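Data block below; observations after.
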Number of protein chains: 4
Amino acid sequence: MATPVYSGAARTPQRGRPRDASRDDALRQAALEVMAEVGYRALTMDAVAARARAGKATIYRRWESKLDLVIDTCTQLAQRNLAEPDTGSLAGDLREFLSAFAAFLSGPIGKAAQALVGELPHEPELATAFRDTFLIAQRDVLRRILDRADERGELRANAPRGMAVEIAGAALIYRLMLTGDPLDLPFVDRVVDQVLLPLVAEGQ
Amino acid sequence: MATPVYSGAARTPQRGRPRDASRDDALRQAALEVMAEVGYRALTMDAVAARARAGKATIYRRWESKLDLVIDTCTQLAQRNLAEPDTGSLAGDLREFLSAFAAFLSGPIGKAAQALVGELPHEPELATAFRDTFLIAQRDVLRRILDRADERGELRANAPRGMAVEIAGAALIYRLMLTGDPLDLPFVDRVVDQVLLPLVAEGQ
Amino acid sequence: MATPVYSGAARTPQRGRPRDASRDDALRQAALEVMAEVGYRALTMDAVAARARAGKATIYRRWESKLDLVIDTCTQLAQRNLAEPDTGSLAGDLREFLSAFAAFLSGPIGKAAQALVGELPHEPELATAFRDTFLIAQRDVLRRILDRADERGELRANAPRGMAVEIAGAALIYRLMLTGDPLDLPFVDRVVDQVLLPLVAEGQ
Amino acid sequence: MATPVYSGAARTPQRGRPRDASRDDALRQAALEVMAEVGYRALTMDAVAARARAGKATIYRRWESKLDLVIDTCTQLAQRNLAEPDTGSLAGDLREFLSAFAAFLSGPIGKAAQALVGELPHEPELATAFRDTFLIAQRDVLRRILDRADERGELRANAPRGMAVEIAGAALIYRLMLTGDPLDLPFVDRVVDQVLLPLVAEGQ
DNA sequence: CGTTAAACGAGACGGTACGTCGAGTCTTTCG
DNA sequence: CGAAAGACTCGACGTACCGTCTCGTTTAACG
């Protein structure tokens with residue numbers, strides 16, 4: 001799940017015609033376009049296949065379901081868009097990362113991600129995959145930002161890093177998915193200044 | 001939307017057989033049971049009708065769609081489960097309200113709510129309805145808790161109440177819907193002690 | 001099979017919306033048109049449904065399969081086109097009936113019937129249905145023609161009526177389905193004069 | 001069509017690996033087995049290829065279609081099973097040939113042949129091929145039987161030989177394909193004695 | 001004897017139709 | 001008239017074959 005299933009990891013000689021790897025991208029691209037146009041719910045496999053000029057079997061050969069296709073398409077994009085900042089200060093790093101993340105979530109991927117979240121309770125495998133890619137990647141960046149701040153002596157002793165990481169993600173996701181309020185720079189600044197820095201930084 | 005549509009506000013003398021109001025609850029109950037068993041996605045109108053021994057038309061006469069039925073079922077329950085605490089202290093009120101809210105979300109309603117969240121980006125009316133009931137109700141309670149604390153002199157001057165309300169909800173929802181970590185008492189305590197009280201309470 | 005399956009013979013009071021009988025004919029008509037245009041093999045249920053502006057489920061509710069639909073359509077027509085002649089003489093009756101039957105088979109129904117014949121070996125139920133309607137109807141007419149001739153004293157004693165009936169049908173079907181030679185009047189005359197009358201008529 | 005298409009009659013020098021002629025028989029054998037098991041309709045090229053452990057391309061290199069493969073398989077068998085009798089008498093020759101033909105048709109080839117007949121109306125090329133092999137071969141044998149009887153003076157003057165040939169084939173095929181009654185010896189005897197001999201033999 | 005071109009098994013590819021299922025609507029009968 | 005039952009249209013589902021197209025490998029005949 002979550003990535004195209006190639007038929008067996010270490011296939012001995014490779015029998016038959018090999019999968020055309022360029023179809024993977026064409027199909028992901030088609031999925032992204034359709035999803036941007038009509039949303040996750042109204043996305044149909046027929047539409048994706050038609051847009052990519054592919055047969056439906058070609059999709060089902062690589063992904064088990066619509067969900068599997070969509071989450072793979074999203075995580076693929078997420079990994080390319082979560083650059084790790086290094087401005088030299090905790091406040092700078094947080095601001096830069098969170099605003100980049102907010103911008104990323106405000107685009108079409110944000111809507112797709114939200115749709116996926118709706119499926120998590122009924123699809124444990126999807127939930128695992130989602131957490132192992134989408135969430136972990138973002139949390140690890142935050143964790144490393146805090147580690148570097150600690151090395152520079154910017155953190156309080158016993159600063160609750162886990163809580164800081166959690167609150168940072170929660171604040172953004174909550175706005176995105178629940179309240180619908182804008183994920184803009186002023187909001188990011190307020191989260192950093194009012195909540196995160198007081199929580200972990202020395203001398204606040 | 002969101003509540004049963006009774007056929008015209010000021011129906012003149014009221015001709016024919018009146019709607020059987022007890023069917024509303026029977027249908028909501030059936031919807032809840034089916035959703036608890038198979039989840040939102042796999043819930044079908046036929047299944048709900050069959051379980052309530054009702055015709056599908058009877059459902060559509062009251063709710064416009066599957067989503068409408070589900071959100072009404074959920075908000076109905078939410079309103080009955082969000083009691084407003086008054087322990088006499090800010091910490092006590094927060095702890096009590098958030099732990100009650102966490103317990104509520106940990107049940108079947110939590111899963112249903114999460115499913116609804118997945119639909120919000122593509123259904124503006126649903127989003128409005130969801131925010132006007134689910135969210136507002138919960139935020140208003142928090143806001144009043146803060147107001148009472150202020151009257152007792154427990155709040156700092158210029159305490160960022162809006163941010164506190166937002167972070168409180170975000171922390172719970174994020175765990176529930178994204179990370180899947182447990183919404184237990186220790187977590188609630190940590191949110192209150194490490195994040196909320198430092199954010200707004202006097203003398204921290 | 002072979003006729004629209006109405007849901008249970010002696011249904012107690014008849015609950016729910018009844019089948020719309022006019023859809024039967026609309027669907028049969030659509031099937032006939034499509035079959036005339038593209039043949040049996042290329043006839044698809046989608047095409048029939050689209051032409052009748054019906055859902056596929058509506059077809060499958062009445063007939064179990066494409067074959068079932070087609071044979072019902074054909075036998076329906078067969079029963080309306082096998083008029084029984086009564087000219088007063090054996091030769092006249094035979095000539096009239098066989099030429100009418102030949103004309104009937106030369107039309108689109110002939111091709112459809114031939115397609116059905118190809119399915120008989122693998123579908124025992126279909127074979128039974130086909131024989132009980134298509135064949136029996138035609139053979140009964142021939143048998144009655146011979147009976148009336150016997151009453152008029154036109155038949156030889158011990159005339160092999162069964163063989164006569166069989167040869168009459170065989171001669172036409174063989175031309176239609178195997179050789180493809182025309183089923184015209186001269187051929188019918190030769191079958192009657194050279195084969196059938198010598199076989200059964202007195203004084204030949 | 002109808003026989004394996006070897007790639008061009010006068011191929012200049014013959015380059016590359018030559019066709020493996022043993023695959024022809026293996027594929028025909030596989031086709032026959034599959035057809036015997038599931039019938040013509042349900043026979044798929046994939047199944048034939050799998051049973052013969054061949055690639056589909058190997059089949060399509062030799063036959064243009066499923067139909068082409070099947071008709072070739074059948075005519076191949078037909079040509080080996082239509083021995084020409086010479087008993088010295090018309091009645092004997094007819095009896096021997098028709099009973100051999102009946103036995104042949106009663107086996108699995110009979111079912112396959114019937115399936116092919118169902119395709120004739122929509123496939124003119126197939127019809128031509130079928131008639132030029134299956135039909136002509138059988139009719140020629142009958143014609144030669146009548147010729148030899150004529151040379152022996154057994155035939156009436158002006159005996160309708162064409163009609164006799166047609167009726168002989170028709171009687172058998174009609175039973176086989178339409179009525180499903182058994183093609184046994186008594187039936188053959190009755191056809192010969194009651195219909196064919198009276199039609200053409202001297203002094204009946 | 002090495003080159004080379006076609007045949008071979010395998011299986012992916014774009015298509016088309018399948019038969020089923022769910023949605024939302026419509027049409028009966030019964031109370 | 002309301003409500004239960006269930007037929008209706010529509011459209012997507014995931015599967016199965018079709019006939020074609022690569023692949024990597026094998027096998028003769030040519031040079």
Comparing D:Glu151, D:Glu119, D:Glu64, which has the greatest mean-square fluctuation in the GNM of chain D with Cα pairs linked when under 10 Å apart?
D:Glu151
Shape verdict for the stretch D:105-195, please, from the Cα gyration tensor: rounded (a/c under 1.5), prolate (a/b greater than b/c) or oblate.
oblate
According to the square roots a ≥ b ≥ c of the eigenvalues of the Cα gyration tensor, what is the shape class of the protein assembly as shown, taking rounded for a/c under 1.5, prolate for a/b larger than b/c otherwise, and oblate for the remainder?
prolate
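Taking each residue in D:179-186, count the Cβ atoms of any other chain within 10 Å of its Cβ, then average. What number comes out?
Details: counts 7, 8, 2, 0, 0, 0, 0, 0.
Taking all residues of D:179-186 together, the mean is 2.
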Neighbour-count ranking for C:Val70, B:Val192 (other C-beta within 10 angstrom, fewest to most) reads B:Val192, C:Val70
Per-copy distances of the D:Ala103 label point, shortest first, in nm (7 angstrom along Cα→Cβ)
4.6, 8.9, 8.9
Label position 7 Å from Cα toward Cβ: report the copy-to-copy distances for C:Pro182 in nm, one decimal, ordered from shortest.
4.2, 8.4, 9.1
Label-point separation (nm) for C:Arg51 and C:Thr87, each offset 7 Å from Cα along Cα-to-Cβ?
3.5 nm
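Take the alpha carbon gyration tensor of chain D, find the square roots of its eigenvalues, order them as a ≥ b ≥ c, and report rounded if a/c is under 1.5; if not, report prolate when a/b exceeds b/c, else oblate. Display every interim value, and only then the final one.
On the way: a/c = 2.77, a/b = 1.95, b/c = 1.42.
The shape class here is prolate.
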Which chain A residue sits with its beta carbon nearest the axis carrying A onto C, and how many Å away is it, rounded to a whole number?
A:Asp46, 7
Nm distances between the label at D:Asp147 and the same-position labels in the remaining copies, 7 Å along Cα→Cβ, shortest first?
4.7, 9.8, 11.4
Compare B:Asp46, B:Asp68, B:Asp189 in a GNM of chain B, Cα atoms joined below 10 Å, and give the one with the largest fluctuation.
B:Asp46
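Suppose R0 equals 25 Å; then what is the FRET efficiency for D:Asp147 and C:Arg190 from their Cβ-Cβ distance, rounded to the nearest 0.05? Could the numbers behind the result be given before it?
Details: r = 21 Å, r/R0 = 0.84.
After rounding, the FRET efficiency stands at 0.75.
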Calculated FRET value between A:Glu37 and B:Gln29, using beta carbons and R₀ = 25 Å, to 0.05:
0.10
Value of [θ]222 nm, deg cm²/dmol, for chain B, DSSP H segments ≥ 4, -39500 (n - 2.57) each, nearest 500:
-18000 deg cm²/dmol
Within 10 Å of each residue's Cβ, count the other Cβ atoms and sort C:Arg61, A:Arg53 from fewest upward.
A:Arg53, C:Arg61
Please rank A:Lys111, D:Lys66, D:Lys56, fewest neighbouring Cβ atoms within 10 Å first, as an exposure proxy.
D:Lys56, D:Lys66, A:Lys111
Once both labels are modelled 7 Å past Cα along the beta-carbon direction, what's the D:Ile136-C:Gln79 spacing in nm?
4.4 nm
Amide H partners (placed H, <5 Å) of D:Glu202, local residues excluded:
D:Leu155, D:Arg156
Residue by residue, what Karplus-based ³J(HN,Hα) values in Hz, rounded to whole numbers, does the stretch A:49-55 have, using 6.51, -1.76 and 1.60 with θ = phi - 60° and x for Gly and Pro?
4, 4, 5, 8, 6, 10, x
Any idea how far the Cα center of the stretch D:104-132 sits from the one of the stretch B:88-161, in Å?
76 Å
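No value in this document is a laboratory result; all are computed from the given coordinates. Only a predicted model underlies this, so the values are computations on that prediction, with no experimental measurement involved. Positions of Cβ are generated from backbone atoms using ideal geometry, with glycine treated the same way; all protein chains shown enter the neighbour counts.
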